[in-house]
1. For segment 172-229, calculate the relative contact order in percent as a whole number, restricting contacts to Cα pairs under 8 Å that are 6 or more residues apart.
2. For the chain, what is the relative contact order in percent, using Cα pairs closer than 8 Å and at least 6 residues apart in sequence?
3. Compute the distance in nm between two label points, each set 7 Å from the Cα along the Cα-to-Cβ direction, one at Arg22 and one at Leu136.
4. Give a quick list of trypsin sites (Lys or Arg not before Pro) in segment 199-247 that DSSP marks as loop, anything other than H, G, I, E or B, with at most 15 other Cβ atoms within 10 Å.
5. Fewest Cβ neighbours within 10 Å first, please rank Ser250, Ser95 accordingly.
6. State the extension gain, in nm to one decimal, for the chain segment bounded by Glu178 and Arg45, taking 0.36 nm per residue of separation less the distance between their alpha-carbons.
7. Between Ala64 and Asp191, what length in nm is gained on full extension when 0.36 nm per residue of separation is reduced by their alpha carbon distance?
8. Find the eigenvalues of the gyration tensor of the Cα atoms of segment 96-232, then list the square roots of 5 times those eigenvalues as equivalent ellipsoid semi-axes, largest first, in whole angstrom.
Amino acid sequence: MRTIEQVSAMQAWSHEVRGRARVALVPTMGALHAGHLSLVEIARRHADKVVASVFVNPTQFDRADDFARYPCDLERDGGLLATAGVDLLFAPQASDMYPVGAQTTVTVEQLAEPLCGAHRPGYFRGVATVVLKLFLAVRPHVAVFGEKDYQQLALIRRMVRDLHLEIDVVGAPIVREEDGLAMSSRNRHLDAAERAAATCLARALAVAEERVAAGERDAAALVAAATAELGREPRARIEYAAVVHPETLSPLARLCDRDSSAAAPASDVADRALLALAVWIGGTRLIDNRLLTVPAASRERRSA
């Protein structure tokens, strides 16, 4: 596996390769785990050459202490990526990604406002800006992002459409530990008691999914069920729990068939919804989500 650190060298490699090979990009901030490596596996199925980037982006941290404690071990990450079959590691320096005097940023308006955007000012401006910079450096045909960061994925897809970028954005399923906890680089900050407590996020999502299967369609009731489950864990502090439209991220009132809810505004109902959570366990902020879908049998009964 080759390693490139300069943006100009990355662009030169891409110029040479992409005309004869399909290139995939897996952007990461390092501290890699099995979830990241699953993105590499998906990328290999979509392209001839796989580039993985490792760059801890300073502009998407809203707290200096959070940036300072983000784990960095490029040697370890490089070894994992090489074993996973990555062809090239792009590991730029911040001074190259953000030249002195840099003034240009990228903003995706509405998708950046709710959920994490409401609690982390400037976060998604930093995300959109650095992802576009990575796209312009690597010039991939396809880019793979994890669905755990669902809002990020939706925002990047919107940016790609709005800016007419010829890049296929592929979402990868959440990879979980055996007890249901979504894999995250931040999990390593949890002590043993906090690690056990963190499983409350997966339990809350499961409770809401069970309620939908049992016939519950009211979004407020689903949020209440999820927050009640989270509330059983004394170490958990809820930042947000919300049921939103899976594409627009706008709040939903009900989860149901559109045909059975003609009287309600189209933007207020859908037969699928995203339940998104952000929860603090001690000093560690964790996010998770699940798509809630009306069972097919229910849809068929409503349309009969």
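The numbers here are math on the coordinates, done by the rules we state, and not lab data. The model shown is predicted, which means the values in this text are computed figures rather than measured ones. Please note: Cβ atoms are built from the backbone with ideal geometry, for glycine as well, and neighbour counts cover all protein chains shown.
1. After rounding, I find 29 percent.
2. Computed over the chain, the figure is 16 percent.
3. Placing both labels 7 Å beyond Cα along the Cβ direction yields 2.7 nm.
4. Sites meeting the loop and neighbour criteria: Arg232, Arg235.
5. Ser95, Ser250
6. 45.3 nm
7. 43.5 nm is the gain from fully extending Ala64 to Asp191.
8. Semi-axes (√(5λ), whole Å): 33, 18, 15.
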